[in-house]
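Working notes, structure below.
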């Protein structure tokens, strides 16, 4: 019975294919926020003159993953005539400023920033070059870890930071959005120091003073030193 059932299905399938009823007419995309469909289509290359059953889903998936902005791809058939390509794009966790602006995802992948990627609430890394990162990713991984620690302590704190300067990789400095005050973090105990910064910025008098502050030094274990602009 099972063999007979399969044979019947095969015959029906072949008749439907030859009739053109299952010819690919539409290629649909989902999940893309930063890449436009024209860019995605250039990698997908789905032949519209074939049956939906002849579309090689694995091949399309592999071709799509050649796009460096994609982390994952799922390709499926939607009867009677559509191919659905669902993509998972790389999400910027921070940006790198080095002559141009680059996005950096959580794995440390550095790519040219796309026009649709908004920069408003993500810090910019300075003091590092794309060329140096490609040779040695240690510094950019340290920057990613620092951003993660900031988010773990206080997720809202990221929006107060415009820049993270890694010129001296052992002692990164934060630059605040309001007033451009520089925050010295030192070399260790980042969780504790980020917490101190979060507590400091939660006080309205300090927020009001930010335009007049030059540096906030968190490198001492028992005190916070605030230096005003001259």
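Here, each number is a calculation from the coordinates, and none is a lab measurement. If you're wondering where the values come from, they're calculated on a predicted model, not measured in any experiment. All Cβ positions, even for glycine, are placed from backbone atoms using ideal geometry, and neighbour counts span all protein chains on display.
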Item to complete: Once every Cα of the range 95-230 carries one equal point scatterer and solvent is ignored, give the base-10 log of I(q)/I(0) from the Debye formula at q = 0.14, 0.17, 0.19 Å⁻¹, two decimals.
Response: -0.63, -0.92, -1.12
Worksheet item: Using a basic spin-label model with each label point 7 Å from the Cα along Cα→Cβ, how many nm lie between residue 154 and residue 229?
Response: 2.2 nm
Worksheet item: Expressed in nm to one decimal, what extension gain is obtained for the pair residue 141 and residue 23 from 0.36 nm per residue of sequence separation less their Cα-Cα distance?
Response: 37.7 nm
Worksheet item: With the chain treated as a Gaussian network of Cα nodes joined by springs under 10 Å, which of 130, 203, 149 yields the largest mean-square fluctuation?
Response: 203
Worksheet item: If you line up the long axis of helix 190-201 against the longest principal axis of the chain, both from Cα atoms, how many degrees apart are they, to the nearest 10?
Response: 70 degrees
Practice prompt. Taking each pair of different alpha-carbon atoms in the chain once, compute 1/r for the pair, average those values, and report the inverse of that mean as the Kirkwood hydrodynamic radius in Å to one decimal.
Written response: 21.2 Å
Practice prompt. Treat each spin label as a single point 7 Å out from the Cα along the C-beta direction, and report the residue 212 to residue 129 distance in nm.
Written response: 4.1 nm
Worksheet entry | Approximate spin-label separation residue 97-residue 119, in nm, with each point projected 7 Å along Cα-to-Cβ | 0.7 nm
Response to the item:
Dividing the mean separation of Cα pairs under 8 Å (6+ apart) by the residue count of the chain yields a relative contact order in percent of 11 percent
Discussion item. Quick check: the angle from helix 138-153's long axis to the longest principal axis of the chain, C-alpha only, nearest 10 degrees?
Written reply: 80 degrees
Worksheet item: Just the Cα atoms of the range 174-230: what Rg and Dmax do they give in Å?
Response: 10.6, 30
